[in-house]
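Enquirer: Submitted below is the structure of interest, expressed as structure tokens.
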Amino acid sequence: MRIFKKKKKKSVFISEGQPPEVNELGIKSEYNNNLFTKIILLVFALLGFTLCVLDIRDDGMLLKLSFGETEFNYAGSLIGVVVMIISMIVMLFHKPGVHLKK
């Protein structure tokens, strides 16, 4: 039993008037492209995690928060966190597509 009624498509494959051999090559190409993209995004996420662990700081990305008289400055490894978050978001919403037309 599914919790959600519809199953979301993770990729798009459109083939118009192509023989089955070309369709199989298109599916393999789609799979390889998706795998390559996921590997690259994983490398970027690991790079961001490494920047966080090594505590590499970027003074240009200083975060200043002030509440009345109290001021809070954070110049930690914001760039690592930003790289990790962006790569994870792209990894979740990446939808590969293959369009084969005759």
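Enquirer: Of all residues in the stretch 20-38, how many are at pLDDT 80 or above and farther than 30 Å from residue 84 by Cα?
Expert: Residues in the stretch 20-38 being at pLDDT 80 or above and farther than 30 Å from residue 84 by Cα: 3 in total.
Enquirer: Note down all Cβ pairs under 7 Å where the first residue falls in the stretch 75-102 and is more than 30 Å from residue 17 (Cα to Cα) and surrounded by 13 or more Cβ atoms within 10 Å (Cβ to Cβ), the second is modelled with pLDDT of 75 or more and of a type in the set (Lys, Arg), and they're at least six residues apart or on different chains.
Expert: Short answer, once both residue conditions are applied: 91/38.
Enquirer: If you don't mind, another one. What do you reckon, is residue 41 modelled with pLDDT under 75, under 26 Å from the mean Cα position of the chain (by Cα) and open to solvent by less than 70 Å² (accessible area, probe 1.4 Å)?
Expert: No.
The values are calculated or read from the model by the stated rules, or taken from the named source; none is laboratory data. Note that the coordinates shown come from a computational prediction; the quantities given were computed from them, not determined experimentally. In this analysis, Cβ positions are derived from the backbone assuming ideal geometry, glycine residues included, and neighbour counts consider all displayed protein chains. Protein only, heavy atoms only, side chains kept; ligands, DNA and RNA dropped before computing areas. Shrake-Rupley method; radii C 1.70, N 1.55, O 1.52, S 1.80 Å.
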